[in-house]
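Notes to accompany the following structure.
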Amino acid sequence: MLNPLVSLCTGLLLLVVSVCATAQSWQPNQEAGARDQVSTWTRDVPDSPVKAFRGVVEVPHGPVPVLTAITAVDTFPEWIFQVQASEAVSGTGGERTYMRFNGIWPVSDRDVVLDNSVSQAPESGAVTLHSVNAEGARPPSDGYVRIPALDNRFVVTPLADGWTRVEFRTFVDPGGKVPVWLANLVATKAPLVTLEGLREQLEKPRFKNAGQDDLPAIFDGVRF
């Protein structure tokens, strides 16, 4: 019979190795020179031409303005990478969104319907807005290719000094054949353009001065 202490040590070692492997799987693309600048990473995804991408930025605003901005569907074309049009699906209280994306030649324009959900970590107060493609929600629009898989997370964490940390993490399978150069362009530019755009949105009075009542119904129960 294996000594319990040996079992414990072995388990801890495996955990450390696993954590290290996970951490090393993200490859840095851009390192921020200041806390209000964007850092970005990518990592390979098995059997996918497009790498998963991740970006992090800290902003001098509380979490409520940030959450208000990232759920203002009418403004998505102003700041989210390659978004052409977006609309909240009526009657879902912010739980479903339809989006169209500009294709980059030679790839056609894409569209997707997203199911959105919200969770909050009780210890840190971090709020995660998780969006995944809603299969069969509606057929693709004429002239658009439906995105077969998309998994997107915004993690919004309040910091002790009144700032907020925003993490943006995405995996997308655009469907069809995607040139390697274009896949790499999307993975490196998307988190940078999106988070820089969000930072600019937060300087607008609509979001800078937002309060809890400005959040959509999907955030009912979230408190800071």
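The values are calculated or read from the model by the stated rules, or taken from the named source; none is laboratory data. Because the structure is predicted, anything quoted here is derived from the model rather than measured. Positions of Cβ are generated from backbone atoms using ideal geometry, with glycine treated the same way; all protein chains shown enter the neighbour counts. Ligands, DNA and RNA are excluded from the accessible area calculation, which covers all protein heavy atoms including side chains. Shrake-Rupley method; radii C 1.70, N 1.55, O 1.52, S 1.80 Å.
Could you name the aspartates and glutamates whose alpha carbon sits less than 14 Å from that of Lys189, not counting residues in the same chain fewer than 8 places away?
The qualifying aspartates and glutamates are Glu31.
Only helical DSSP H runs with n ≥ 4 go in: add -39500 (n - 2.57) per run for the chain, normalise by residue count and round the 222 nm mean residue ellipticity to 500 deg cm²/dmol.
Helices in the chain give a 222 nm mean residue ellipticity of -8500 deg cm²/dmol.
Calculate the FRET efficiency for Arg138 and Gln212 from the Cβ-Cβ distance with a Förster distance of 35 Å, rounded to the nearest 0.05.
0.65
Tell me the carbon and sulfur percent of the accessible area for segment 72-140, rounded to whole percent, probe radius 1.4 Å.
49 percent
How big is the accessible area of Ile70 in square angstrom, nearest 10, if you roll a 1.4 angstrom probe over the protein chains?
Approximately 10 Å² of Ile70 is accessible to the 1.4 Å probe.
How would Asp220, Asp36, Asp142, Asp111 line up by accessible area, probe 1.4 Å, largest first?
In descending accessible area the options line up as Asp142, Asp220, Asp36, Asp111.
What size of dipole, in debye to the nearest 20, comes out for the chain about its Cα centre when the only charges are +1 on Lys and Arg C-beta atoms and -1 on Asp and Glu C-beta atoms?
So the magnitude is around 340 debye.
For the pair Asp151 and Leu185, how long in nm is the line joining their label points, each one 7 Å along Cα→Cβ?
2.7 nm
List the relative contact order of the chain as a percent without decimals, with contacts defined as Cα pairs under 8 Å and 6+ residues apart.
Averaging sequence separation for qualifying contacts and normalising by length gives 24 percent for the chain.
Full extension from Glu200 to Thr92: what is 0.36 nm times the residue separation minus their Cα-Cα distance, to one decimal in nm?
36.1 nm
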